[in-house]
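Chemist: Quick one: structure below, then a few questions.
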Amino acid sequence: MSIRKKVLVTGGAGFLGSHLCQRLLNDGNDVLCVDNFYTGTHENIIKLKKNPHFEVQHHNVTFPLYVEIDEIYNLACPASPIHYQDNPVQTTKTSVLGAINMLGLAKRTGAKIFQASTSEVYGDPEVHPQTEYYRGSVSTTGPRACYDEGKRCAETLFFDYLRQHKLSIRVARIFNTYGPRMVPDDGRVVSNFIVQALKGNPITIYGDGMQTRSFCYVDDLIEGFIRLMGVDDKITGPINLGNPNEFTIRQLAETVIKLTNTSSSLIEKTLPEDDPTQRCPDISFAKSALDWQPKIELEEGLERTIFYFKSVL
Ligand code: NAD
Ligand code: UDP
């Protein structure tokens, strides 16, 4: 029988956080969800609130947190470009001060701590697909820098706490993930395209749509989180977690049109500044260290996500 742990999830009311809380409860843990509801919603966790092993605390991770816990998953940070660029100073504070506060909490309690890092640490990559050894090509001054550099600094802090204070750390570099509970107006490409298609509105392709992304279904990603947290302390990461099948944004739009059977047309809009031209994870490390790889391919994951959006729109 596994021992019930008390697990803290920061950003637990967000898209990934709510799925992670659900999985941790299913696995028999006590879960403390900490969130300031900047992009997270109460709807995401409404079903979880009925579970006596689930607790919610309204809190901003840029301030210290005093709780007793065994494990921490640090997910707090807006992930969609429109949201993280809306208040860029707060975004950097959330990544950097949030990491310092959660690492301090881990140090005091002896908790194992996981960081939700990102493929954005590779910036607009010149190495393709991206391996964990690649150090990235990131603008320090552009509109994405608040997020990219904040996450890079958080990784630095995790490894300094490992070296200086011998913490048990795990750092996952997450590639584009999608699924139920994305917010309809969140601005990310999968939710935008599905919502536009279901409403019969034009599908907005930024630029010529030849930029690529690799899309991971949320359940696959959460399985990767749990495996990474469960392995030996020697496996700290950074470790890429994502689906290595790469698509152009135009291919994604065409697939969404096919699956929703919509009459929507495609329209081109201005490409945002510093939008990465290609992104695809090399997941060899995750395959060997965690015996993990995604199982749900794009069409199946999109069908599940379309089903969800039909129910909420
Ligand atoms: P999300 O915006 O749905 O969730 C982020 C959560 O953090 C929200 O609930 C938000 O309210 C909360 N939050 C933001 N600032 C906070 C603060 N200062 N204090 C407390 N809570 C705060 O985004 P998501 O897609 O669920 O992403 C979760 C994490 O995973 C983020 O750290 C993100 O950078 C990382 N990530 C996600 C993806 C992806 O494709 N979904 C890719 C790479 C990395
Ligand atoms: N994108 C698009 N139309 C949209 C939203 C996004 O063409 O309505 C593009 C965006 O320019 C980027 C890709 O889709 O090239 C992924 O964007 P998203 O914001 O989901 O995540 P990113 O990977 O850029 O952080």
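Chemist: From the phi of every residue in the range 124-137, what ³J(HN,Hα) in whole Hz does the Karplus formula 6.51 cos²θ - 1.76 cosθ + 1.60 yield, where θ is phi - 60° and glycine or proline is x?
Modeler: Along the range 124-137, the couplings run 9, x, 8, 9, 9, x, 8, 9, 5, 6, 5, 8, x, 9 Hz.
Chemist: Do any of LYS151/LYS234; LYS5/LYS166; LYS5/LYS49; LYS258/LYS287; LYS151/LYS269; LYS50/LYS295 go past 25 Å between their Cα atoms, and which?
Modeler: Over 25 Å Cα-Cα: LYS258/LYS287; LYS151/LYS269; LYS50/LYS295.
Chemist: I've got another one for you. Please work out whether the range 1-115 counts as rounded, prolate or oblate from its C-alpha gyration tensor, where a ≥ b ≥ c are the square roots of the eigenvalues and a/c under 1.5 means rounded, while otherwise a/b larger than b/c means prolate and anything else oblate?
Modeler: Oblate is the answer for the range 1-115, as a/c is 1.5 or above yet b/c matches or exceeds a/b.
Chemist: When only alpha-carbon atoms count, how far does the chain stretch along each of its three principal axes, as whole angstroms with the largest first?
Modeler: Computed over the chain, the largest-to-smallest principal extents equal 55, 44, 38 Å.
Chemist: Could you rank VAL89, VAL127, VAL121 by how accessible they are, 1.4 Å probe, largest area first?
Modeler: From most accessible down to least: VAL89, VAL127, VAL121.
Chemist: As a test question: what accessible area, to the nearest 10 Å², does ASP219 have when a 1.4 Å probe is rolled over all protein chains in place?
Modeler: Here the accessible area works out near 70 Å².
Chemist: Under a 10 Å cutoff between Cα atoms, tell me which one of TYR38, TYR84, TYR73 has the largest fluctuation in the Gaussian network model of the chain.
Modeler: The residue with the greatest mean-square fluctuation here is TYR38.
Chemist: To continue, here is another question. Subtract the Cα-Cα distance of SER137 and ILE82 from 0.36 nm times their separation in residues, and report this length gain in nm to one decimal.
Modeler: That pair, SER137 and ILE82, stretches by 17.7 nm at full extension.
Chemist: To the nearest 10 square angstrom, what accessible area does HIS53 show with a 1.4 Å probe?
Modeler: Surface open to solvent at HIS53 totals about 70 Å².
Chemist: Tell me the GluC sites (Glu not before Pro) within the range 103-135 that lie in a loop according to DSSP and have at most 12 other beta-carbon atoms within 10 Å.
Modeler: Passing both the DSSP loop test and the Cβ count: GLU126.
Chemist: Which value, in Å², gives the accessible area per residue of the chain when a 1.4 Å probe is used on the protein heavy atoms?
Modeler: Using a 1.4 Å probe on heavy atoms only, each residue of the chain averages 44 Å².
Chemist: Ok, one more. Near SER264, within a Cβ-to-Cβ distance under 12 Å, what is the net charge of the other residues, with Lys and Arg +1 and Asp and Glu -1?
Modeler: So the environment of SER264 carries a net charge of +1.
Chemist: Which order do TYR133, TYR308 take by accessible area at a 1.4 Å probe, largest first?
Modeler: Largest accessible area first, the list is TYR133, TYR308.
Chemist: Continuing with the same structure: On the protein heavy atoms, probe 1.4 angstrom, tell me the percent of accessible surface of the chain carried by carbon and sulfur.
Modeler: The nonpolar share, carbon plus sulfur, comes to 51 percent.
Chemist: In a GNM of the chain with a 10 Å cut-off on Cα contacts, which of ILE45, ILE72, ILE82 has the highest mean-square fluctuation?
Modeler: Among ILE45, ILE72, ILE82, the largest GNM mean-square fluctuation belongs to ILE82.
Chemist: Which one, THR270, THR109, THR236, has the greatest fluctuation when you compute a Gaussian network model over the chain with C-alpha springs under 10 angstrom?
Modeler: THR270
Chemist: What is the range 67-138 by shape, rounded, prolate or oblate, if you read a ≥ b ≥ c off the alpha carbon gyration tensor as root eigenvalues and call it rounded for a/c under 1.5, prolate for a/b larger than b/c, and oblate otherwise?
Modeler: Note, shape of the range 67-138 comes out oblate.
Chemist: What's the longest bit of the chain with no exposed trypsin sites (Lys or Arg not before Pro), using DSSP loop states and at most 13 other Cβ atoms within 10 Å as the test?
Modeler: 48-134
Chemist: With every protein chain kept in the model, how would you rank TYR161, TYR217 by accessible area, 1.4 Å probe, largest at the top?
Modeler: These residues rank, largest area first, as TYR161, TYR217.
Chemist: What fraction of the DSSP beta bridges in the chain is antiparallel, stated in percent and rounded to the nearest 5?
Modeler: 10
Chemist: Tell me the mean residue ellipticity at 222 nm calculated for the chain from its helices only (DSSP H runs of n ≥ 4, each -39500 (n - 2.57), averaged over every residue, nearest 500).
Modeler: -12000 deg cm²/dmol
Chemist: Further, regarding this structure: Only sites in a loop by DSSP and with at most 12 other Cβ atoms within 10 Å count here; which GluC sites (Glu not before Pro) in the range 252-281 make the cut?
Modeler: Qualifying residues, ordered by number: GLU273.
Chemist: How big, on average over all directions, is the shadow cast by the Cα convex hull of the range 120-272, in nm²?
Modeler: Spelled out: convex hull of the Cα atoms, projected over all directions, averaged, 10.2 nm².
Chemist: Where a ≥ b ≥ c are the square roots of the eigenvalues of the C-alpha gyration tensor, would you call the range 39-169 rounded, which needs a/c under 1.5, or, failing that, prolate if a/b is larger than b/c, or oblate?
Modeler: In terms of gyration-tensor shape, oblate.
Chemist: Can you work out the PRE-style zone for ASP208? Point 7 Å along Cα to Cβ, and I want the residues of the range 266-281 with backbone N under 20 Å.
Modeler: The answer is 266-280.
Chemist: Which net charge results for the neighbourhood of PRO125, defined as the other residues with beta-carbon distances under 15 angstrom from its beta-carbon, given Lys and Arg at +1 and Asp and Glu at -1?
Modeler: -2
Chemist: Could I ask something else about it? So if we plug the beta-carbon distance of SER311 and THR277 into 1/(1 + (r/R0)^6) with R0 = 35 Å, what FRET efficiency do we get, rounded to 0.05?
Modeler: So the FRET efficiency works out to roughly 0.50.
Chemist: Kindly state, to the nearest 0.05, the FRET efficiency for LYS234 paired with GLU300, given R0 = 22 Å and r defined as their beta-carbon distance.
Modeler: Efficiency at R0 = 22 Å is approximately 0.05.
The values are calculated or read from the model by the stated rules, or taken from the named source; none is laboratory data. Only a predicted model underlies this, so the values are computations on that prediction, with no experimental measurement involved. Heads up, the Cβs are rebuilt from the backbone with ideal geometry, glycines too, and the neighbour counts pull from every protein chain shown. For the accessible areas, the whole protein counts, side chains as well, though only heavy atoms, and no ligand, DNA or RNA atoms are used. Shrake-Rupley method; radii C 1.70, N 1.55, O 1.52, S 1.80 Å.
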